[in-house]
2 protein chains.
Amino acid sequence: MSQLRREVGFPYTIMPSTMMVVGEGGLAGVSSLCGALNGASSAIFLMRGGLERERREAAFTLIRELFNWYEQTPLPDYRPKAPKFEIIRSVSRSPLCHVSVSTWCKKSKFKSFSKERSERCAWITGAVAKKTVELLNASNEGTFTPLYKLSAGTQSCRSCHDQGSVLENTRGLMDCGGCHFPERAKHPKI
Amino acid sequence: MSQLRREVGFPYTIMPSTMMVVGEGGLAGVSSLCGALNGASSAIFLMRGGLERERREAAFTLIRELFNWYEQTPLPDYRPKAPKFEIIRSVSRSPLCHVSVSTWCKKSKFKSFSKERSERCAWITGAVAKKTVELLNASNEGTFTPLYKLSAGTQSCRSCHDQGSVLENTRGLMDCGGCHFPERAKHPKI
């Protein structure tokens, strides 16, 4: 957004982008939707979206590509030039802050309030911003093609649970496995 | 936001609030964070938040109250004067679109793409907007006090998993039980 302000100017100069700080920590620290995805989605919709069905769907297609990429890619795939620490990558299988952070904590052995975790989320934010710019550039140049599909597991779940199916008791495009079939030890009985 | 435009005017007149359409269906139809909560949180942060720590925390406190209320209250507690259908209430135990919708589908026996479900989400949006205005009014008048606490189950989980605990492998304030200990039948083996 700050790049658009500098390079394009109006109307981006009047956009109150400080508002998007609300997305921090999965929305006000609640750990729901990853704030990098939330902010990037708003930026995509501001540039490519609108109330007209066609514009809305075009923006949603870019956003869904960003979500699928985020769920399926070992992240962060961005590394600053002079990093404070080295940060290992993990695959979140979910757009949710909580799942993304806890999956990385398990793999990296770092704690959820460690400075390493904080640094990792900064890198993730850079990675998401970079991918967002790439998607918007491709969209501008007319070269955008979706590359990421829903996981095979999710497609299987949807055959019984999604629109027009026998059960039709869910909606949405998050990877089902990230929560329903996670690769984690069972919780001890409590 | 439209009420602020009419009654306060500038700077709300220049806010590109169409941008918040991106929250629809749990963010571009992905079914992650409930769009009513996402939009309301942005509005709260626009009015009460900012980069300064004190303003940010004040806005976050209001938003967390909204999230806890949403998770714990039988919703929708708003009913239009001439409703198309009657809509039963359910307790989501989660701020996520997918969990909120699927919990309601199970209780109401309506499908996730039914017109009744769509109507239910419209009522929920009304309920969240109403609660948001009440919170902002109380904040304006200096009478705001948080009423909703994290569930007892979540407090118990946090004693091992949250900041400063033995495991410290998660962050956030979502109700753990909504996903980890749901009142639902187990999935048949697949």
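The values are calculated or read from the model by the stated rules, or taken from the named source; none is laboratory data. Since the model is a prediction, treat every value here as computed from it, not as a measurement. Note that each Cβ is placed from the backbone with ideal geometry, even for glycine, and that neighbours are counted across all protein chains shown.
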(message) Quick check on the range A:94-104. Is at least one of its residues on the phi < 0 side of the Ramachandran plot, touching a strand residue (DSSP E or B) at 6+ places or on another chain (Cβ under 7 Å) and part of a loop (DSSP other than H, G, I, E, B)?
(response) yes
(message) I need the full set of residues from the range A:31-42 which are at negative phi, out of contact with any Asp or Glu (no Cβ under 7 Å at 6 or more places or on another chain) and surrounded by 24 or more Cβ atoms within 10 Å (Cβ to Cβ), in order please.
(response) A:32, A:33, A:34, A:36, A:37, A:38, A:40, A:41, A:42
(message) Filter the range A:166-181 down to the residues that are crowded, with 16+ Cβ neighbours inside 10 Å and facing chain B (nearest Cβ under 9 Å) and list them by number.
(response) A:168, A:169, A:170, A:171, A:172, A:173, A:174, A:179
(message) So for the range A:160-173 (the condition being basic (Lys, Arg) and in contact with a His (Cβ under 9 Å, 6 or more places away or on another chain)), does at least one residue qualify?
(response) yes
(message) If a residue counts only when it is modelled with pLDDT of 95 or more and at the interface with chain A (Cβ under 7 Å from one of its Cβ atoms), which helices (runs of 4 or more DSSP H) contained entirely in the range B:1-92 have at least 1 such residues?
(response) B:35-48, B:53-72
(request) Please work out which residue is nearest to residue A:146 (Cα to Cα), limiting yourself to the range A:56-97 and to residues that are buried (at least 19 other Cβ atoms within 10 Å of the Cβ) and aromatic (Phe, Trp, Tyr). (result) A:69
(request) Give just the number: which of (1) within 13 Å of the chain's Cα centre (by Cα); (2) away from chain A (no Cβ under 11 Å); (3) of a type outside the set (Val, Ile, Thr) does residue B:98 not satisfy? (result) (2)
(message) Please go through (1) more than 30 Å from residue A:106 (Cα to Cα); (2) not assigned by TED's automatic domain parsing to the domain that holds residue B:48 for residue B:163 and return the number of the only condition it doesn't satisfy.
(response) (1)
